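The structure appears right after this line, and notes come after that.
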Amino acid sequence: MTTNTTDLAREALERSLEVRDEHDYDYRSPLCVYELCDKARVSVRFVDDVSMEGVYAALSKPSIILSSLRPLTRRAFTCAHEFGHHVFGHGSTIDELKDEAEREVFNPEEFLVEAFAGYLLMPAQAVKRAFSSRQLRMDDATPEDIYAVASSFGVGYETLIGHLAYGLRYIQRDRAETLRKTKLPKIRERILGERTQEHLVIADRHHAIGTLDAEVGNLVLLPEGAETESDRIEPVKDLVAGRVFRAVRPGLARVEAEGFGVIVRVSRMQYAGLARYRHLEETDGE
């Protein structure tokens, strides 16, 4: 395998587009990586293990194991990373939590699948569309804008920044470092008008897919006038930016507003089990 990062990145990009083609995803929209794995017949399971990020098991029935104790957005990216090991035929791998020094050691296979995950979840066309549809420029979008775009892709704030700077090269590195200086608690405070430790997910009127994933306890910011008949999420307050809900129990909540519709898929906090069952509603006696 080559150790040239430019060649590896090109290989990752090309393969990510091929995978989207193979499974009928366009290049202009986000995707749900768990649904992609289902289509590719790769089982995904969450476990409550704090010691690792993810595992790929290259068995006759390939599977991915993810730590349910990692942040919601991190789990999605790690799943794409482990799926990359499957796509490139790397064999079984264990990706443990690493400190800064360990992350600085170059591993071509890890570089390849990390780049693949970025291109798979955030294709260039989809990223350009996400910013242009919101009338945003990457060079001067606010941290709150970046957070909303990241939420539309189901990835973390810093993950999107890194992809913009190093994967797509749409922003300069000093711009990326400036954005990283604004931390998530401050971003949530600016969006919500108050401090909160709860994770916030956002689907605005430019949300490009019909679903939004959340966990019980998360805050969910939806467009102004958003309404639902579901008891899976409950309204909290109205803001200029939209209506805030709280995810209160597992299941699916269909939400509508004028010119807008989305299904909020709520899973248990730190759910352990098969990914395809993460949104099953609780029944009496559970």
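The values are calculated or read from the model by the stated rules, or taken from the named source; none is laboratory data. Because the structure is predicted, anything quoted here is derived from the model rather than measured. Neighbour counts run over all protein chains shown; Cβ positions are idealised from the backbone, glycine included.
Based on this model, can you work out whether I209 counts as in contact (Cβ under 8 Å) with a residue 60 or more places away in the chain and not assigned by TED's automatic domain parsing to the domain that holds D49?
Against the criterion (in contact (Cβ under 8 Å) with a residue 60 or more places away in the chain and not assigned by TED's automatic domain parsing to the domain that holds D49), I209 qualifies.
Could you please find all residues in segment 36-60 being surrounded by fewer than 19 Cβ atoms within 10 Å (Cβ to Cβ) and either touching a residue at least 60 places away in the same chain (Cβ under 8 Å) or within 22 Å of H163 (Cα to Cα) (or both)?
Of everything in segment 36-60, those that are surrounded by fewer than 19 Cβ atoms within 10 Å (Cβ to Cβ) and either touching a residue at least 60 places away in the same chain (Cβ under 8 Å) or within 22 Å of H163 (Cα to Cα) (or both) turn out to be D38, S43, R45, V47, D48.
Take L120 and tell me if it is under 16 Å from R276 (Cβ atoms) and either among the polar types (S, T, N, Q) or crowded, with 21+ Cβ neighbours inside 10 Å (or both).
Spelling it out, it is not the case that L120 is under 16 Å from R276 (Cβ atoms) and either among the polar types (S, T, N, Q) or crowded, with 21+ Cβ neighbours inside 10 Å (or both).
Does L239 count as more than 22 Å from G154 (Cα to Cα) and in contact (Cβ under 8 Å) with a residue 40 or more places away in the chain?
The answer is yes for L239.
Step by step: first the residues of segment 224-278, then only those that are surrounded by 16 or more Cβ atoms within 10 Å (Cβ to Cβ) and more than 22 Å from the chain's Cα centre (by Cα), then the one that is nearest to A208 (Cα to Cα). Which residue is that?
A257
Give me a count of the residues in segment 129-174 that are touching a Cys at 6+ places or on another chain (Cβ under 9 Å) and charged (D, E, K, R).
Summing the residues that are touching a Cys at 6+ places or on another chain (Cβ under 9 Å) and charged (D, E, K, R) in segment 129-174 gives 0.
Restricting to segment 170-201, count the residues that are among the basic types (K, R) and not in a loop (DSSP other than H, G, I, E, B).
6
Confirm whether V105 is touching a Phe, Trp or Tyr at 6+ places or on another chain (Cβ under 8 Å) and in the same structural domain as E11 (by TED's automatic domain parsing).
Criteria not met by V105.
Looking at D204, D213, D145, D140, can you tell me which residue is in a loop (DSSP other than H, G, I, E, B) and under 20 Å from R243 (Cβ atoms)?
Unique residue meeting the criteria: D204.
Consider Q135 against the criteria (1) more than 22 Å from E22 (Cβ to Cβ); (2) surrounded by 14 or more Cβ atoms within 10 Å (Cβ to Cβ): it satisfies all of them except one. Which criterion is unmet?
Condition not satisfied by Q135: (2).
Looking at (1) without any contact (Cβ under 8 Å) to a residue 40 or more places away in the chain; (2) β-branched (V, I, T); (3) in contact with an Asp or Glu (Cβ under 9 Å, 6 or more places away or on another chain), can you tell me which one V105 breaks?
Here V105 meets the rest and fails (3).
If I ask for residues that are among the β-branched types (V, I, T) and either at pLDDT 95 or above or surrounded by 22 or more Cβ atoms within 10 Å (Cβ to Cβ) (or both), which ones from segment 65-94 would you list?
Scanning segment 65-94 gives I65, T73, T78, V87.
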